[in-house]
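K.L.:
There's a structure below that I have some questions on.
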């Protein structure tokens, strides 16, 4: 970033200093002529040598450095996490992907209610305060939309555009099993309906076994209240399952002995396999990985490169990630960053010396059940030529001799 | 005391067995013995929350199941539905349900190979009740939940008629709607993927 070109910055700072005397403690983002944002009150002199001027005083809310501008990429129905701009495995809450079916509702937490009824001994209604009184659970877990694969023939596509509907948070709330006990769920129940309080009044049927096993009614994300885009003030969270089943803004759970066959689980989130089969209730997200560095639009230089990426599986822990630097001819074990957690993003890295010649690099994830992330052609064949939901192919990056990195299908 | 120390161990063992032998997409029940072992010391009930009245449940319990449970009183037909569709739906779904710009609802020309792959009510939706449920809860997109039950019956009738599934005069109500067999139902199968190395 070339600070010197931003003439308006120095102009504004000079004026502020003239009016206010000493450097101001207030931090205000100033949009400059070239579109870059800087902290007003920070002079060019300070940037040259921050040791010579006292810094900004403590504030009420921290902000991202004005030099860092990672953004989600929105469409009318979703917004994608900038995977290529992130490090480690935790997605900053404001960069968690979004997918909603009737927009983000405005819900007053004081009026929030969760009703649980149907095949129960005691139909109950819980306020947000009620939910927070129950014993709490926290866990790290990825969340991924089942419609999360794109390619590009010209190779000019980022990890954000390929599979940016993947994010990870720490989710805190009350275990759904705790609420099941509280209302006295019938032992004959086999499914429950989860319904959101958004404009789509979004619904999904979920097997009771998942509800007992590890479902959470989450009211917190990464240590603070769940973000509006993620279901404020409370959402269902189903670890490892396709994102749309984790109903946001949850308002009602109906216990039943059969699925409800809602629009989302019949006409929408189902996959055609071959000419005469439509796969339904395909909840679990299969294992997947992607190299996030180097990736498009990066340019790299020959020499040492630490290949970095993320891997995850809805079936459990990642057991290994293999990296190829010769277009899949040979594979090497990548180092996995501990802790490797169940149904969570796992960071991997592989140290490599690039000789500058054109080649393809790629990663494939293997999970603890023995599932090996397939190549694109392999997956397409297994689905009888159909693409669609649950498409998790190995993603390759082509390194041109000039250092440009481009997407390649496998 | 002996009972208290042994019981959690047995329950934990039962839980591990369950997780190892039953696919986790299995919709079956989980018996009381296989609940989370870390909740075993919880009281029978915490007493948080309040009982909810039948009236309050009825006000928000809008779901409709394939067997017709949840369908309200009222009736409608495609003749009336066509008029409502023109006013409230055609702007997004096209004059005949084939033109868009949003989701295509009607299959239309089935001689085109391209059209056969498009997901519409006629060739993809497995249950007619789902049309009623979804239109009532979420449509029209700019005024969700604004349609009367009679309007929803008529719109459902129009969409089924436009897809060649019922006649223009067929009356839809809580008794007739669940009996309609959708052409795509026979294609639907539960998820057949499993843990392990097989890619499906």
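None of the figures in this text is laboratory data; all of them are computed from the coordinates on show. All figures in this text were calculated on a predicted structure; none of them were measured in a lab. Because the Cβ atoms are built from the backbone with ideal geometry, glycine has one as well, and the counts that use them run over all protein chains shown.
K.L.:
Efficiency by 1/(1 + (r/R0)^6): what FRET value for residue A:353 and residue A:378, r their Cβ-Cβ distance, R0 = 22 Å, to the nearest 0.05?
P.N.:
Once the sixth-power term is evaluated, E becomes 0.15.
K.L.:
Please give the contour-minus-distance gain from residue B:141 to residue B:73: 0.36 nm per residue of separation, less the Cα-Cα distance, rounded to one decimal in nm.
P.N.:
Additional length available on full extension: 22.1 nm.
K.L.:
Compute the relative contact order of chain A as a whole-number percentage, counting only Cα pairs closer than 8 Å that sit 6 or more residues apart in sequence.
P.N.:
14 percent.
K.L.:
If you restrict to DSSP beta bridges whose two residues both lie in chain A, what percentage is antiparallel, to the nearest 5?
P.N.:
95 percent
K.L.:
Taking the Cα-to-Cβ direction at residue A:75 and at residue A:188 and moving 7 Å from each Cα, how far apart do the two end points lie in nm?
P.N.:
4.5 nm
K.L.:
If neighbour count is taken as other Cβ atoms inside 10 Å, put B:79, A:61, A:372 in order from fewest to most.
P.N.:
Fewest-to-most ranking of B:79, A:61, A:372: A:61, B:79, A:372.
K.L.:
Go ahead and collect, in residue order, the members of the stretch A:195-212 whose backbone nitrogen is under 14 Å from a label point 7 Å along the Cα-Cβ direction of residue B:54.
P.N.:
Under 14 Å, as judged by backbone N against the label point of residue B:54, lies no residue of the stretch A:195-212.
K.L.:
Something else now. For residue A:340, put the label point 7 Å out on the Cα→Cβ axis and report which residues of the stretch A:211-249 keep their amide N under 20 Å from it.
P.N.:
A:240-241
K.L.:
Is chain A best put as rounded, prolate or oblate by its Cα gyration tensor, with a ≥ b ≥ c the root eigenvalues, rounded for a/c under 1.5, and otherwise prolate when a/b is larger than b/c, oblate when not?
P.N.:
It comes out oblate by the Cα gyration axes.
K.L.:
If R₀ is 60 angstrom, what is the calculated FRET efficiency for the pair residue B:86 and residue A:136, using the beta carbon separation as r and rounding to 0.05?
P.N.:
Here the calculated transfer efficiency is 0.70.
K.L.:
Moving on to the next point. Contour minus end-to-end for residue A:387 and residue A:257, with contour as 0.36 nm per residue of separation and end-to-end as the Cα-Cα distance?
P.N.:
Working it through step by step, the gained length comes to 43.6 nm.
K.L.:
From the Cα gyration tensor of the stretch A:76-269, with a ≥ b ≥ c the square roots of its eigenvalues, which class applies: rounded if a/c is under 1.5, or else prolate if a/b is larger than b/c, or else oblate?
P.N.:
prolate
K.L.:
Here's a follow-up. For a Förster distance of 22 Å, can you work out the FRET efficiency between the beta-carbons of residue A:64 and residue A:224, rounded to the nearest 0.05?
P.N.:
Using R0 = 22 Å, I get an efficiency of 0.90.
K.L.:
Here is a follow-up. In whole Å, largest first, what are the principal axis extents of the Cα atoms in the stretch A:288-408?
P.N.:
38, 37, 24
K.L.:
Sorting B:200, A:329 on the 10 Å Cβ count, fewest up front, what's the list?
P.N.:
Sorted ascending by nearby Cβ count, the order is A:329, B:200.
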